[in-house]
Amino acid sequence: MRRLSGVLLAGAILMLPAFSQHAFAQGAAPQKFTLDGDLALWSVAIRPDKTGEYEKILAKVKEVLNKSEAPEAKKQLAGWKVMRGSKPMPDGNIIFTHVINPVPGADYNILQVLYASITDPMEQRTLYDMYKAAFAANLGVSSGTIAADLSK
């Protein structure tokens, strides 16, 4: 039971920067969400009535990364796919799994990726509200090296 509590606490801490407008408003540098290894799977639960909004957020991430001058942005864009689960979870939420070929040191915090290019506070707040309303839970992150490539 302690182990489960620790895992849940770690997950909550991981997502805290995404929902911390106070830190953002105070000018504090938010914690980066970086991924290591050859491949990462990051699954989140999205409220079923808000999947369209979440997909709009993802489209905005694509747009921002595509327009970015940062050298890692194009690499992030090329190695980031998102799968929408075909069946809802028992609670009705929909699983979105980010399939990522990580770029070392790149930030995968969705809101921070957006805020890096979108500086208008009203637009940032709109995106934050949309993301917060859609987000139900962080289901987990797994990253590592490829043990076997069966396609070759």
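The values are calculated or read from the model by the stated rules, or taken from the named source; none is laboratory data. Being a predicted model, the structure only gives us computed values, none of them experimental. Glycine gets a Cβ as well: all are built from the backbone with ideal geometry, and neighbour counts include every protein chain shown.
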When you go through Gln112, Gln76 one by one, which is the residue that is surrounded by fewer than 18 Cβ atoms within 10 Å (Cβ to Cβ) and either in contact (Cβ under 8 Å) with a residue 24 or more places away in the chain or in contact with a strand residue (DSSP E or B) (Cβ under 6 Å, 6 or more places away or on another chain) (or both)?
Gln112
Being basic (Lys, Arg), touching a Leu at 6+ places or on another chain (Cβ under 8 Å) and either farther than 21 Å from Gln31 by Cα or modelled with pLDDT of 95 or more (or both): is that true of Lys152 here?
no
Can we say Asp36 is among the acidic types (Asp, Glu), over 23 Å from Leu127 (Cα atoms), surrounded by fewer than 16 Cβ atoms within 10 Å (Cβ to Cβ) and modelled with pLDDT under 95?
yes
Tell me, yes or no, whether segment 56-77 has at least one residue that is closer than 15 Å to Ala134 by Cβ and more than 14 Å from the chain's Cα centre (by Cα).
no
Which fully enclosed helices (runs of 4 or more DSSP H) of segment 36-152 have 2 or more residues being basic (Lys, Arg)?
51-67, 71-78, 121-134
